[in-house]
1. For the range B:87-187, what mean projected area does the convex hull of the alpha carbons give, in nm²?
2. How large are Rg and Dmax for the range B:193-295 when calculated on the C-alpha trace, in angstrom?
3. Taking a cut-off of 15 Å between Cα atoms, list the aspartates and glutamates near A:LYS127, but don't count ones fewer than 8 places away on the same chain.
4. Starting from the Cα of B:GLN48, step 7 Å along the direction of its Cβ; do the same at B:ARG81; then give the gap between the two resulting points in nm.
5. Could you tally the net charge around A:ARG279, taking each other residue with its Cβ under 11 Å from the Cβ of A:ARG279, Lys/Arg +1 and Asp/Glu -1?
6. Set the Förster radius R0 to 60 Å, insert the Cβ-Cβ distance between B:ALA104 and A:LEU56 as r into 1/(1 + (r/R0)^6), and round the FRET efficiency to 0.05.
7. Classify the range B:189-239 as rounded, prolate or oblate, taking a ≥ b ≥ c as the square roots of the eigenvalues of its Cα gyration tensor: rounded when a/c is under 1.5, otherwise prolate if a/b is larger than b/c and oblate if not.
8. Taking a ≥ b ≥ c as the square roots of the Cα gyration tensor eigenvalues, with a/c under 1.5 meaning rounded and otherwise prolate when a/b beats b/c, else oblate, which class fits the range A:16-284?
Amino acid sequence: MATAYDTTNSTIAPRPMLAAWTLCERELVRFFRQRQRVFGAIAQPIIFWVLFGAGLGGTFRLDATTSDTAATGGPTFREYFFPGTLALILLFTAIFATISIIEDRREGFLQSVLVAPLPRWAMVLGKILGGTLIALVQGLIFLVLALTLQIELTAAAIAASVGVMFLVAWALTSLGFVLAWRLDSTQGFHAVMSVLLMPMWLLSGAFFPTPTGEGVVERGVALLMTVNPLTYGVAALRRVLVADAAALPADLPSLAVSLGVTILFAAVMFAIACRMAGRRTTGDYL
Amino acid sequence: MSHRYGDRLALDGVPLSVAEGEIFALVGPNGGGKSTLFRLLSTLAPLQSGNASVLGFDLRGEAMAIRRHIGVAFQAASLDRKLTVRENLRHQGRLYGLSGRMLAGRVDEVLARLGVVDRAGDLVETLSGGLKRRVELAKALLHRPRLLLLDEPSTALDPAARADVWRYLTEVRRDEGVTVALTTHLLDEADKADRIAILDRGRLVALDTPDSLKATVGGDSITIETTDASRLAADITERFSLPTQVLDGNVRLEQADGHQWIARLVEAFPGRVSAIRVGKPTLEDVFIDRCGRRFGDDEAPAVQTEARRK
């Protein structure tokens, strides 16, 4: 067979960034081709937001940061819960995106990637970048919906929130990758989801602010919220989305601290993911 | 080379080499070590002990170089079922550094080569098993590897699809000069290869062309069905000084001029032979000869002549 294309091995060399991009593109195509996944990851948080907003709106009161918030009444629960809902959408999407590593392994796709002439970080990068972009798109859909729901957002706030969402999504997708890499069933992941990831979200300031009580439980919860890296991701989202400083909790970490911790969280999780995936183990065989 | 999974020794010092341009089959019963050998050669599993080189590259230190020059198709499907055939091939090409026009051209080429051009736009999950296997082959060939490693390429395929796989393999070997090394647990399939290695319990028990291996079996293979195989076997050995084996309740022996032995044996032991048959040696006989047991029940030995007498 005559060939017009010279593809002898002297002319082609593996390109890790090209490989990462193609794997990322695959994630996006797969995700958006399966409509129920698009819908599933975004519908539940929105329902939470609407229902909790309605149900808890009457009893929610943010501790006054200054004397005049007490006068204006502070944010409604729906306003307070808005960045938290966004974090939940990022969490769900990032997590579902990384569960696919378990399917990739089971369906044999992963094996063929592992014998390609690539450093493993290229595979990790493709997966995590793909999951991050999916989460970002979902987050943006939610922001657009919110514009129709009487939440005021400036263009600058949306632009800044894209950057923060990217960082938070990157950290969560990397975390999901680390958790999913060694699992061989999606059932196992659901267990991780309910005992680790949902509590992590609940204790991130997404749903309620840090309790100030002196009781053992209150202080324990406050401590967990302080060490939870997601707390800072949610805080960063809250800082860029909420223009009115009076509507922020008094003890909310500053934007600089929030961004710093979130970047560190993302970097450390990505490094762990690369390190874990870099080893050849019997788990690679099908 | 040797390989362990925990305490279990899966490969126990297997020396072999594959020549350029040949179709080489690794054959053996399940658990014989061929998948382990495959994992080592494909660089999926790290080499534990011993030495090996693939295409002149050291398996221990030059895995990355090896990966560029081999095309691998695992036993399990590796296609993304939610993507189309063309999308699968495009991603695969990029993993190997192909892009742009070169990638598009090469994708068209392998689609044509494996006869799946008309299904290029279909989702993989809509393809039949045989077509999927062809796309797997196309995927493995995309970056023009010098060595094609295939793990059980025709497992779970119907005979027609299996014949297709072999036809395409023969073609790509001829046209692209690629060396093919494959594993199989089917002896009649191994028969089509240029050379074969038989692996059993982690050991190399035979390595040669199928014809040479069959020639090592002493002539024809004779199988006698009887009620008391071990006594009959002992009696035959005593009377004719022949080596015999007892296998699955039958007596088995190898002799040149098998047809003459039929009459001789039946006359010598009247009433004790319920059926007797003689056949040209097959790879099954080679396996029995080397391992002292049957290869597997999914293999019926090819029978040339058969004589029955009550």
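1. 6.4 nm²
2. Reported Rg and Dmax, both Å: 14.4, 44.
3. Leaving aside aspartates and glutamates fewer than 8 places away in the same chain, those within reach of A:LYS127 are A:GLU25, A:GLU27, A:GLU103, A:ASP104, B:ASP80.
4. Label at B:GLN48, label at B:ARG81, 3.3 nm between them.
5. Here the charged neighbours net out to +3.
6. 0.60
7. The shape class here is prolate.
8. prolate
Bear in mind these aren't lab numbers, they're just calculated from the coordinates by the rules spelled out. Everything quoted here is computed from the prediction, not taken from an experiment. Note: ideal-geometry Cβ built from the backbone for every residue, glycine included; neighbour counts use all protein chains shown.
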